[in-house]
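Have a look at the structure below, then the notes.
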Amino acid sequence: MDVGYSAAASQFAAQREDMMRLNERAFGNRFMRGLIKIGGMERDFNSERLSSLLAGLKSFSNTLGEIERFSLASSTFLDRAFMAGQLHPSTATELAIVGPGARACGIPCDVRKQLAYGAYAHAGVNESLGTKGDALSRFMVKLNEVKESVRLINEETSRMQPGAVCASSTPKPKAGSIAFGVCETPRGSVTMMLQAGKAGAIANLSIRTASFRNWRAVEQAVLGNIVADFPLVNKSFNLSYAGADL
């Protein structure tokens with residue numbers, strides 16, 4: 001809606017709802033809450049849930065392709081998004097931003113590829129990079145990442161082996177021990193540092209979200225743009241207000 005192109009906005013909204021309903025069918029919660037726990041997953045896939053997931057993704061991919069085609073054929077959309085909110089690669093590097101905002105500037109930063117943790121060690125993530133660092137580049141990077149996610153889900157589910165989905169027991173960490181983790185999210189990398197207390201309790205926890213890293217980029221990207229383009233530039237980064245305040 002921020003580009004005045006309601007046809008695509010309504011289609012994307014419908015697809016978002018379809019995906020949340022698919023989450024409910026496959027994982028038991030629209031937001032996939034309560035699915036992951038220490039040591040693994042709370043619930044296993046069965047053939048019915050897996051079939052529902054793959055069928056839903058196939059339908060989603062077909063519709064997404066249609067939305068992409070008529071969006072990129074729309075002068076209304078292209079005129080608003082092209083060169084709006086441009087962020088220079090040197091500025092993005094100086095600010096050390098992450099996620100689609102950085103990749104739209106041509107900066108590779110997908111930790112699924114750089115660190116290749118878990119299943120990503122053999123999945124072979126295709127990192128999408130832009131060149132202009134504008135709202136259109138951010139749109140294209142995110143669009144390509146959605147399509148890449150569908151590909152990864154299809155490939156990895158075909159490799160799944162039967163067996164337990166959670167460890168039967170997990171050792172308690174020593175008091176004072178520190179763990180550091182990082183993962184890629186739709187907005188970019190999230191890092192977490194945790195210090196264990198007595199009896200395995202959490203003594204200290206620090207989280208750095210992608211939004212915390214990227215808000216300064218929005219400040220730079222809006223410079224030189226008309227006031228009416230601020231909502232477009234802002235939402236093209238799609239950052240969390242609360243996520244910058246943890």
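The values are calculated or read from the model by the stated rules, or taken from the named source; none is laboratory data. These numbers were taken from a predicted model, which means no experiment stands behind them. We place every Cβ from the backbone using ideal geometry, glycine too, and count neighbours over all the protein chains shown.
Figures for the structure shown
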read-out: Residues of the range 105-134 that turn out to be in contact (Cβ under 8 Å) with a residue 40 or more places away in the chain and within 29 Å of Ser90 (Cβ to Cβ), as a count; value: 8
read-out: Any pair with Cβ under 9 angstrom, 6 or more apart, that starts in the range 1-16 at a residue that is at pLDDT 90 or above and ends at one that is among the polar types (S, T, N, Q); value: Gln11/Thr63; Gln11/Ser71; Ala14/Thr63; Gln15/Thr63
read-out: Verdict on Gly101 being outside any loop (DSSP other than H, G, I, E, B), in the same structural domain as Val150 (by TED's automatic domain parsing), within 26 Å of Val227 (Cβ to Cβ) and touching a helix residue (DSSP H, G or I) at 6+ places or on another chain (Cβ under 8 Å); value: yes
read-out: Per-region count, the range 167-196, residues part of a strand (DSSP E or B) and among the hydroxyl-bearing types (Ser, Thr, Tyr); value: 3
read-out: Members of the range 78-94 that are in a helix (DSSP H, G or I) and touching a helix residue (DSSP H, G or I) at 6+ places or on another chain (Cβ under 8 Å); value: Leu78, Arg80, Ala81, Thr91, Ala92
read-out: Some residue of the range 221-243 being more than 30 Å from Ala84 (Cα to Cα) and either assigned by TED's automatic domain parsing to the domain that holds Met41 or not in a helix (DSSP H, G or I) (or both); value: no
read-out: Residue within the range 135-152 that is more than 12 Å from the chain's Cα centre (by Cα), within 28 Å of Asn62 (Cβ to Cβ), in contact (Cβ under 8 Å) with a residue 12 or more places away in the chain and not in a helix (DSSP H, G or I) present; value: no
read-out: Checking Gly188 against (1) within 24 Å of Lys235 (Cβ to Cβ); (2) assigned by TED's automatic domain parsing to the domain that holds Ala244; (3) of a type in the set (Gly, Ala, Ser), the condition it does not meet; value: (2)
read-out: Of residues in the range 120-171 being among the charged types (D, E, K, R) and more than 18 Å from Arg103 (Cβ to Cβ), the one surrounded by the fewest Cβ atoms within 10 Å (Cβ to Cβ); value: Arg159
read-out: Condition check for Leu95: farther than 17 Å from Glu145 by Cβ, surrounded by 15 or more Cβ atoms within 10 Å (Cβ to Cβ) and in contact (Cβ under 8 Å) with a residue 60 or more places away in the chain; value: yes
read-out: The one condition in (1) under 26 Å from Arg16 (Cα atoms); (2) touching a residue at least 12 places away in the same chain (Cβ under 8 Å) that Lys58 fails to fulfil; value: (2)
